[in-house]
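A.B. asks: To start, I am sharing the structure in question, which I have written as structure tokens.
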């Protein structure tokens with residue numbers, strides 16, 4: 001659907017600019033009149049390029065999570081100070097450093113000015129405002145506690161972002177070591193070993209047989225220099241990766257891949273504890289904002305990042321709809337430990353579900369830190385041992401025959 005930039009006059013005489021989606025210019029004019037705006041200028045936004053199409057690079061125009069956190073925190077502060085929502089949105093739009101977020105806020109402002117609720121306006125931009133964000137804002141509007149909800153939302157986003165950051169940071173050093181190991185292996189096998197192999201062959205002069213491990217190393221080196229092998233690495237491997245990524249984006253492929261990851265011992269620990277921490281943090285925030293327990297479970301399930309755990313939560317939601325209790329249903333889960341269901345049971349009995357579940361979130365966030373640190377500390381020496389073993393094997397395969405040949409020559 002085409003976009004139209006417009007300049008229009010409000011009933012109070014103020015001039016408003018923005019963007020509106022419409023099938024054609026006439027539809028855009030009708031939509032502006034429906035919002036009680038008097039059009040001054042309506043012009044279709046043309047795509048870039050000779051064919052009238054705009055080329056978009058995935059991720060290039062994405063709004064960074066940090067920008068959303070800052071926006072949410074500032075929004076909460078200004079609403080709490082009594083600044084009207086329209087003025088708040090306009091000020092935050094003007095000072096935003098993200099061009100994409102500015103454009104989104106322009107559309108949100110236009111919709112709110114047209115009479116839409118804030119939650120309805122932001123729900124049109126799911127790539128920027130997640131279902132969790134929309135649900136919490138809706139609950140804040142309904143309960144008249146938008147400033148409190150936004151504060152909780154910003155806090156929840158900061159915690160989730162910090163959790164992701166810690167996992168990424170812990171994996172950087174092992175990833176570097178792994179990359180160096182693979183790079184060193186290819187350099188040694190394609191450049192160094194063939195030259196040394198030629199020297200060993202000339203020294204032996206066909207009279208001495210090289211050890212089996214040396215012959216094996218030379219055979220692997222010879223294979224890695226073949227055009228077919230190089231083609232499979234340069235062309236075949238990227239194709240396999242692309243096809244694999246497409247497969248795991250399908251519902252069936254995603255579920256099978258996530259199920260496999262939950263069977264890998266070390267990976268399972270991190271994924272499970274991260275999911276529990278995220279569940280507790282988001283579920284507690286939604287419940288604290290007054291969102292119904294069914295909506296809270298379903299919204300939280302979509303943020304788990306693992307299809308298997310997501311399905312478990314959706315099954316729990318169906319059971320709760322049928323009259324069951326969440327704590328009882330989570331006891332049947334293969335991935336939520338008993339302490340989570342026990343804490344939920346206490347929350348259900350005392351009516352302090354949101355308070356108690358936040359304690360679970362804090363506990364498991366610390367558990368994730370510990371688990372990631374432990375795995376990182378194990379991966380580092382393993383990678384170093386692998387790198388050392390690789391270099392040692394090559395050294396033995398080279399210097400062993402040289403020593404034997406020198407003895408043979410001297411004899």
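None of the figures in this text is laboratory data; all of them are computed from the coordinates on show. A quick note: this is a predicted structure, and the numbers were derived from the prediction, not measured. FYI the Cβ positions are ideal-geometry reconstructions off the backbone, even for glycines, and counts take in every protein chain you see.
A.B. asks: When the chain is fully extended, how far beyond the present Cα-Cα distance does residue 215 get from residue 182, taking 0.36 nm per residue of separation?
C.D. replies: Separation in residues times 0.36 nm, less the Cα-Cα distance, equals 9.8 nm.
A.B. asks: How would you classify segment 322-371 from its alpha-carbon gyration tensor, with a ≥ b ≥ c the square roots of the eigenvalues: rounded for a/c under 1.5, else prolate if a/b is greater than b/c, otherwise oblate?
C.D. replies: Note, shape of segment 322-371 comes out oblate.
A.B. asks: Also, I was wondering about something else. If I fit a long axis through the Cα atoms of helix 146-187 and take the longest principal axis of the Cα atoms of the chain, what angle between them do I get, 0 to 90°, rounded to 10?
C.D. replies: 20
A.B. asks: FRET efficiency for residue 41 and residue 378, Cβ-Cβ distance as r, R0 = 56 Å, nearest 0.05?
C.D. replies: My answer for the efficiency is 0.30.
A.B. asks: Related question: Angle between the Cα long axis of helix 338-350 and the longest principal axis of the chain, 0 to 90 degrees, nearest 10?
C.D. replies: Between the helix axis and the principal axis of the chain, the angle is about 10 degrees.
A.B. asks: Right, another one. For every helix of n ≥ 4 consecutive DSSP H residues, a contribution of -39,500 (n - 2.57) applies; sum these over the chain, divide by its total residues, and give [θ] at 222 nm rounded to the nearest 500 deg cm²/dmol.
C.D. replies: When only DSSP H runs of four or more count, the value is -23000 deg cm²/dmol.
A.B. asks: Still on this structure: Please rank 273, 225, fewest neighbouring Cβ atoms within 10 Å first, as an exposure proxy.
C.D. replies: 225, 273
A.B. asks: Next question. According to a simple spin-label model (label point 7 Å from Cα along Cα-to-Cβ), what is the distance in nm between residue 85 and residue 333?
C.D. replies: Spacing of the two 7 Å Cα→Cβ label points: 3.3 nm.
A.B. asks: On to the next question. Taking 0.36 nm per residue of separation and subtracting the Cα-Cα distance, what length does fully extending residue 77 through residue 195 add?
C.D. replies: 35.7 nm
A.B. asks: Something else: Springs between alpha-carbon pairs under 10 angstrom, Gaussian network model over the chain: which of 215, 87, 281 fluctuates most?
C.D. replies: It is 215.
A.B. asks: Given 0.36 nm per residue, what is the gain on full extension from residue 95 to residue 229 after removing their alpha carbon distance, in nm?
C.D. replies: 42.9 nm
A.B. asks: By how many degrees, 0 to 90 and rounded to 10, does the Cα axis of helix 99-113 deviate from the longest principal axis of the chain?
C.D. replies: Its long axis makes an angle of about 20 degrees.
A.B. asks: I've got another one for you. Of the listed values (1) 60, 49, 41; (2) 73, 58, 37; (3) 106, 64, 37, grab the one calculated as Cα extents along the principal axes in Å from the structure here.
C.D. replies: (3)
A.B. asks: Starting from the 7 Å offset along Cα-to-Cβ, what nm value, one decimal, do you get for the label separation of residue 349 and residue 172?
C.D. replies: Result for the modelled spin labels: 4.6 nm.
A.B. asks: Calculate, for residue 7 and residue 102, the FRET efficiency according to 1/(1 + (r/R0)^6) with r their C-beta to C-beta distance and R0 22 Å; round to the nearest 0.05.
C.D. replies: About 0.80, to the nearest 0.05.
A.B. asks: Now for a different question. Please identify, among 272, 299, 250, the residue showing maximal mean-square fluctuation in a Gaussian network model of the chain using a 10 angstrom Cα cutoff.
C.D. replies: 250
A.B. asks: Let me ask you something else. Just to verify a number: FRET efficiency for residue 267 and residue 148, C-beta to C-beta distance, R0 = 41 Å, to 0.05?
C.D. replies: Using R0 = 41 Å, I get an efficiency of 0.65.
A.B. asks: Something else: Which of 44, 362, 158 moves the most in a Gaussian network model of the chain with Cα springs under 10 Å?
C.D. replies: Of 44, 362, 158, the most mobile in the Gaussian network model is 44.
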